[in-house]
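Comments concern the structure below.
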Amino acid sequence: MVQMTDTRLVSKQTAFEEIPFIDIAPLLDGSNPRKVSRQIGETCEKVGFFYIKNHGVSRALIDAMYAQTKSFFAMPFDKKNKMNVVNSGPTLRGYIPMYAENVDPENTRDFKECFDYGAHYDEVSPFFGANLMPPELPKFSDVCDAYHGAMLDLARKLISAIALSLDLPVDYFEKLQRKPITIQRLLHYPSQSGEISQKEIGIGAHTDYGFLTILFQDKVGGLQVRNRAGEWVSAPPVEDTFIVNIGDLVQTLTNDRYTSTMHRVINTSGVERYSIPFFIDLDFDATVETVATCISVSNPAKYTPYTCGQHKYSRFVASYTHLQAVEAV
Ligand SMILES: O=C(O)CCC(=O)C(=O)O
Ligand SMILES: [Fe+2]
């Protein structure tokens, strides 16, 4: 039995029109990218989250990634813990056990475990390097690479549409994303029962730190998004779609025209929930400053420019317990 003692945790079971659906086929096949970019722009202003359909990623690849995700988390803790993120140095990839990352640390402990990887680099630098991979799962590494590649291609298309929506050249962001920070995350949320309070939920309320997130979620549900009126709205799983949302960097780049929207996860379904978000930022050294088309005399730039890597690392320090120990030394 689940009891929501805290009414702030209840979400409106509204129709998901509140989070729009966008058919991106005309963007991917080149027949009408401007139409898709207009829809994305409007949605980024009003909601910050949208479902995409006809996204071109094969069902077989998604199913394979999902199967590997379940196999990964089914491994004994000791095996997963050999890949603990604390062993990855500045690369900051690998296994993140329960409570080792809390994205809203003032209020919530996150009842989830994760595995993070990215593109392979021989050289180690913050957010880049080799992936820690489980030798027990022979297909894991190849499936991960293929999935990450598909997400990167899709993200670049969506980002070109965001550029168009801001009256910028279609390739505007490419110069800031030559070697972008990306994180491909696998997530496991056990179900919670009993009394549930804000002190411990799947993932605490947060905005994403980067440019764009593309999320696959399984059929279980539990994602909630805070709308502009401050109400929590469910973002239920919908077959053959991904959920896309913009992050903090876009809010700065657009001078708050597009806002990075708060969201959280509460899994009280009685079954395990798995989700697979892909995060893309800018290059580590890229300067994040508002684009010219979002500034005017009556709407001057609100943000002091910062670098992408700086921002990302500061958010990691705030949420990863092992980095707090390092910073405190
Ligand atoms: O699992 C989900 O549905 C959302 C995950 C999320 O918000 C995140 O990892 O930033
Ligand atoms: Fe998130």
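A short reminder: the numbers here are calculations on the coordinates, not readings from a lab. This structure is a prediction, so every number in the text was calculated from the model and none was measured. Cβ coordinates were reconstructed from backbone atoms using ideal geometry, including for glycine residues, and neighbour counts include every protein chain displayed.
Brief remarks on what is shown
- Exposed GluC sites (Glu not before Pro) absent - longest run of the chain, DSSP non-H/G/I/E/B, at most 11 other C-beta within 10 Å: 124-238
- Calculated FRET value between Asn87 and Asp153, using beta carbons and R₀ = 35 Å, to 0.05: 0.70
- Cleavage-rule hits (trypsin sites (Lys or Arg not before Pro)) in region 198-281: DSSP loop, at most 13 neighbouring Cβ within 10 angstrom: Lys199, Lys219, Arg228
- Taking N as its residue count, the alpha carbon Rg of the chain over 2.2 N^0.38 Å: 0.96
- In region 222-301, chymotrypsin sites (Phe, Trp or Tyr not before Pro) in a DSSP loop with at most 15 other beta-carbon atoms within 10 Å: none
- Scattering from region 253-302 was approximated by placing one identical point on each alpha carbon and applying the Debye formula without solvent; log10 I(q)/I(0) at 0.17, 0.23, 0.31 1/Å stands at -0.75, -0.99, -1.21.
- Relative contact order [Cα under 8 Å, 6+ residues apart], the chain, whole percent: 22 percent
- An ellipsoid equivalent to region 238-280, defined through the eigenvalues of its Cα gyration tensor, has semi-axes of 27, 12, 9 Å when rounded to whole angstrom and sorted largest first.
- Fully extended contour minus Cα-Cα distance, from Val271 to Lys199, at 0.36 nm per residue: 23.9 nm
- In plain terms, the chain from Ala130 to Asp285 could stretch by 53.8 nm, reckoned as 0.36 nm per residue minus the Cα-Cα distance.
- Cα-projected label distance for Leu137 with Leu61, points at 7 Å along beta-carbon direction, nm: 1.8 nm
- Cα→Cβ-extended label distance, 7 Å offset, between Asn299 and Asp256, nm: 1.2 nm
- For region 38-74 versus region 165-191, the gap between their alpha-carbon centres in whole angstrom: 13 Å
- Fraction of the pair-distance distribution of region 144-298 above 29 Å, Cα-Cα pairs, percent: 23 percent
- In the elastic network of the chain, a GNM with C-alpha springs shorter than 10 Å, the most mobile of Leu282, Leu158, Leu28 is Leu28.
- Extension gain for Ala292-Asn54 works out to 82.5 nm (0.36 nm per residue, less the C-alpha to C-alpha distance).
- Hits among aspartates and glutamates - C-alpha to C-alpha of Lys139 under 14 Å, sequence gap 8 or more where chains match: Asp63
- Label point distance in nm, Asp167-Ser31, each placed 7 Å from Cα along Cα→Cβ: 2.9 nm
- Loop-located chymotrypsin sites (Phe, Trp or Tyr not before Pro) in region 104-177 (DSSP state other than H, G, I, E, B) with a sparse environment of at most 16 neighbouring Cβ atoms within 10 Å: Tyr121.
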